[in-house]
2 protein chains.
Amino acid sequence: MQNILSVIAKTPLFKGLPENQLKEIQRITVSRSYNKGEAIFFEGDECNGFYIIAQGQVKVFKLSFEGKEHILHILGPGEPFGEVPVFSGRPFPANSQSLVKSRLLFLPRAAFIKLITANPSLSLNMFAILSMRLREFTVQIENLSLKEVPGRVASYLLYQSDEQGHHDFVDLRISKKQLASMLGATPETLSRMFAKMSDQGLIEVQGRLIRILDRQRLTTI
Amino acid sequence: MQNILSVIAKTPLFKGLPENQLKEIQRITVSRSYNKGEAIFFEGDECNGFYIIAQGQVKVFKLSFEGKEHILHILGPGEPFGEVPVFSGRPFPANSQSLVKSRLLFLPRAAFIKLITANPSLSLNMFAILSMRLREFTVQIENLSLKEVPGRVASYLLYQSDEQGHHDFVDLRISKKQLASMLGATPETLSRMFAKMSDQGLIEVQGRLIRILDRQRLTTI
DNA sequence: CTGTTTTCTTGATCTAAGTCAAGGCAAAGC
DNA sequence: GCTTTGCCTTGACTTAGATCAAGAAAACAG
């Protein structure tokens, strides 16, 4: 198990900060453990801090009135979440749940705001992260409203393969049910899309590993 | 025509800042004019600054491969836009176009970063703005993927009536075609929904003015 | 290893909403 | 004034994807 300091040092949020600042951050963080399936916060909860993932995997999601779920983010080690309401001063806008056994670092609101006020380079990092989230949401909204399911699947695969640094395969790293929830579709539909795309020679599905056979054609869907 | 300083002072991004900081911001801004329909920037353009609307109205939108347009925002006086890529150092993620004759303030990237580094309270104000917008996107995603068109129309009307400070009517202020685009639907479908909701005694449509007849029932759609 | 639970796949059916088409209306321009 | 252009509405038709259902394949717990 890594110590708090090394986790903090690797988080993009704190990149470029001097050692003494990192230690100061370490002083205000609290480590918390969550079991698989355990709730971290609920939509509407008051927010008195945000989280950084030390180990594990977490989902942030919305629930419809009928209990249907849409996953907004799936986050892994080093990534912060729940930071939005820290600044808006409003309750959490979505739910969060641990997908596996996870260890999280909790940063209390007041202490963090003090820190960020005193440190311009931390501010810039935070701006970059918030901007990035905004951009991701922009893409998600674009996909949901302009593309149909096959198009969303294709752009997800292309985006992830870039992100993972490969050009001919993608490791989904999440269940297909969860992927369906992220793409705004049902598991049945996603399954059919994978089958169809396989028939068309676009991809090859082996469990959670998707081999990209025709990248070119995939971009035009 | 208002002067630059009074526009800056009213912008949510800078509201509440002391006079001297406002003047510093004023010093780095450039005023630019745009005609109706004129492009402000395109998706993929390098971002060397962002904009604030002094006068007029602007849309920020994405284009699908087939040329279908999805409006992300319609912005009016005092509202900033294009600030997202300033910090992440990425190109513009969407297109922007002036809907009417507009005057915009342009804030160059380099000068602005310098300013922010020197002003922590400016940062905190801007964090709050970004966070609010992220919250709004969260709601938009929820609406798109968890609700059907009638539900989206209903929540838009309810949200806007609150926003405008009325409880029994809404002035759309944009064309129904544009509204349809914002809600991820076609103009035909929106028209049918308005007709249906009128039949059901939920609303009354008079051009761009929508009278809310049964607020209670509208929330349950 | 074995039973249990969850995930995944495939088929049959249904429906919300998109597309195509045509007519009416209103604002903008000559 | 008239004409043009774009906006809005309504109808007929089509289709993408949801739902329901049931079996196969993994993942998990004891």
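Points worth noting:
- Gain in span if fully extended, B:Ser191 to B:His166, counting 0.36 nm per residue against the direct Cα distance: 6.7 nm
- Positive-pole candidate from B:Ala39, B:Ala195, A:Ser33, dipole of the protein assembly as shown, charges at beta carbon: A:Ser33
- A Cβ-based charge dipole, computed about the Cα centre of the protein assembly as shown with Lys and Arg at +1 and Asp and Glu at -1, lands at about 360 debye.
- Using a 7 Å projection from Cα along Cα-to-Cβ, the label point at B:Pro91 is separated from the same position in the remaining copies by 4.2 nm, smallest value first.
- Alpha carbon centroid spacing (whole Å) that separates region B:152-221 from region A:174-203: 34
- Between helix B:109-118 and chain B there is an angle of about 80 degrees, using the helix long axis and the longest principal axis of the Cα atoms.
- Distance (nanometres) between label positions extended 7 Å along Cα→Cβ at A:Ala39 and B:Lys15: 3.3
- Cα long-axis angle, helix A:187-199 against chain A (0 to 90 degrees, to the nearest 10): 50
- The HN-Hα couplings worked out from phi for region A:134-151 by the Karplus form 6.51 cos²θ - 1.76 cosθ + 1.60 (θ = phi - 60°) are 4, 5, 4, 5, 4, 5, 4, 5, 4, 4, 5, 9, 10, 10, 8, 3, x, x Hz, whole numbers, x standing for Gly and Pro.
- Across the copies of the chain, B:Ser121 has label points (7 Å from Cα along Cα→Cβ) spaced 2.6 nm apart, shortest distance listed first.
- Computed from point charges on the beta carbon alone (+1 for Lys and Arg, -1 for Asp and Glu), the dipole magnitude for region A:64-160 about its Cα centre is near 280 Debye.
- Long-range amide H partners of A:Phe169 with built H, under 5 Å: A:Ile212
- Estimated FRET transfer efficiency when R0 is 51 angstrom, pair A:Ile174-B:Lys114 (beta carbons, to 0.05): 0.80
- 3J(HN,Hα) couplings calculated from phi for region A:23-38 with the Karplus curve 6.51 cos²θ - 1.76 cosθ + 1.60 (θ = phi - 60°) are, in sequence order, 5, 5, 5, 3, 5, 9, 8, 10, 8, 9, 10, 9, 7, 3, x, 6 Hz; Gly and Pro show x.
- Here region A:3-125 is assigned +1 on the Cβ of each Lys and Arg and -1 on the Cβ of each Asp and Glu. Its dipole about the Cα centre then comes out at about 280 debye.
- Count of Lys pairs (Cα-Cα under 26 Å; at least 8 positions apart or interchain) in region B:4-119: 18
- Spatially proximal aspartates and glutamates relative to A:Lys196 (Cα-Cα < 12 Å; intrachain offsets below 8 disregarded): A:Glu204
- In order along region A:50-65, the phi-based Karplus estimate (6.51 cos²θ - 1.76 cosθ + 1.60, θ = phi - 60°) of 3J(HN,Hα) comes to 10, 10, 10, 7, 8, 9, x, 8, 9, 10, 10, 8, 9, 10, 7, 4 Hz; Gly and Pro are listed as x.
- Point-to-point label distance, B:Arg215-B:Glu148, nm (Cα→Cβ direction, 7 Å offset): 2.7
Read-outs throughout are calculated quantities, based only on the coordinates presented, and are distinct from any laboratory measurement. Because the structure is a prediction, the values reported are computed rather than measured. Reconstructed Cβ throughout: ideal geometry from the backbone, glycine too, with neighbour counts over all protein chains shown.
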